[in-house]
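Read through the structure below, which is laid out as structure tokens, and then see the notes.
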Amino acid sequence: GQQVQQSPASLVLQEGENAELQCNFSSTATQLQWFYQSPGGSLVSLLSNPSGTKHTGRLTSTTVTKERRSSLHISSSQTTDSGTYLCAIDTNTGKLTFGDGTVLTVKP
Amino acid sequence: DMKVTQMPRYLIKRMGENVLLECGQDMSHETMYWYRQDPGLGLQLIYISYDVDSNSEGDIPKGYRVSRKKREHFSLILDSAKTNQTSVYFCASSLRGNYAEQFFGPGTRLTVL
């Protein structure tokens, strides 16, 4: 089965609304990263959060390691937030396994 | 300014030609990676390098080889490229260890005709 499952697969918001993205994984994660991939394709690491809660700007990630889940909250979404959000975990192998991503569209 | 660079950004080759993709990083990271990304398949690990001349196969190494002669450079080589190797290739680097955060380059879009 798939190790990393992200939901929803796609999400459409009006500018200013908040977004909540979910990541569930089937194995214990020693590392968990959230990435943003722009429509042009570049991949940017947003947060590294294997456990607990982390904030950066309008982003908040909460990872509950025992429950094997993480969430990414985007507050006051902007049109420039549109793109694909990827969750990836390392299960103590030194290798990241990626989910399929959530495609976020923010409309003006 | 910490970053991972990739050259070239775009490349078109004919089937059977050799391909060299280059990756550099300025963070003195021990570990470097090559991934490819395809629609519907996500990002898949091709090779991982733990340091100079210390390389290990990832999940899909067939058809590829790598070279790491300096810590800051990691090359991906396709000998006799195939059309199914058309993809976007990403390089990444991290400190040593299973808890380390990976930093990605901008990607190389390779088309094999």
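The condition of being open to solvent by less than 20 Å² (accessible area, probe 1.4 Å), away from chain A (no Cβ under 14 Å), assigned to a strand (DSSP E or B) and touching a residue at least 12 places away in the same chain (Cβ under 8 Å) holds for residue B:74. Candidates A:44, A:4: the one that is of a type in the set (Val, Ile, Thr) and in contact (Cβ under 8 Å) with a residue 24 or more places away in the chain is A:4.
If you go through the range A:69-107 and keep only what is assigned to a loop (DSSP other than H, G, I, E, B) and within 29 Å of residue B:49 (Cβ to Cβ), you end up with A:91, A:92, A:93, A:94, A:95, A:99, A:100, A:101. Tallying residues that are touching a residue at least 12 places away in the same chain (Cβ under 8 Å) and either within 12 Å of chain A (Cβ to nearest Cβ) or touching a Leu at 6+ places or on another chain (Cβ under 6 Å) (or both) within the range B:98-113 yields 10.
Quick grid of which residues meet (1) surrounded by fewer than 18 Cβ atoms within 10 Å (Cβ to Cβ); (2) in a strand (DSSP E or B):
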{"residue": "B:68", "(1), (2)": "no, yes"}
{"residue": "B:90", "(1), (2)": "no, yes"}
{"residue": "B:99", "(1), (2)": "yes, no"}
{"residue": "B:111", "(1), (2)": "yes, yes"}
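Looking only at residues that are open to solvent by 40 Å² or more (accessible area, probe 1.4 Å) and not small (Gly, Ala, Ser) in the range A:19-35, which one is modelled with the lowest pLDDT? Looking at the filtered set, the residue picked out is A:28.
Name the single residue, out of those in the range A:63-108 being charged (D, E, K, R) and open to solvent by less than 50 Å² (accessible area, probe 1.4 Å), that is nearest to the other protein chains (Cβ to nearest Cβ). In this case the residue turns out to be A:90. Among the residues of the range A:45-62, those that are open to solvent by 40 Å² or more (accessible area, probe 1.4 Å), within 14 Å of chain B (Cβ to nearest Cβ), out of contact with any helix residue (DSSP H, G or I) (no Cβ under 9 Å at 6 or more places or on another chain) and over 20 Å from residue B:106 (Cβ atoms) comprise A:54, A:56.
Is it true that residue B:5 is touching a residue at least 40 places away in the same chain (Cβ under 8 Å), open to solvent by 30 Å² or more (accessible area, probe 1.4 Å), within 18 Å of residue B:94 (Cβ to Cβ) and in contact with a strand residue (DSSP E or B) (Cβ under 8 Å, 6 or more places away or on another chain)? The answer is yes for residue B:5.
Scanning the range B:66-89 for residues that are in contact with a Ser or Thr (Cβ under 9 Å, 6 or more places away or on another chain) and of a type outside the set (Ser, Thr, Tyr) turns up B:66, B:68, B:69, B:71, B:72, B:73, B:74, B:76, B:77, B:88.
The values are calculated or read from the model by the stated rules, or taken from the named source; none is laboratory data. This structure is a prediction, so every number in the text was calculated from the model and none was measured. Quick reminder, even Gly has a Cβ in these numbers, built from the backbone with ideal geometry, and neighbours come from all protein chains shown. In case anyone asks, the SASA skips ligands and DNA or RNA and just uses the protein heavy atoms, side chains included. Shrake-Rupley method; radii C 1.70, N 1.55, O 1.52, S 1.80 Å.
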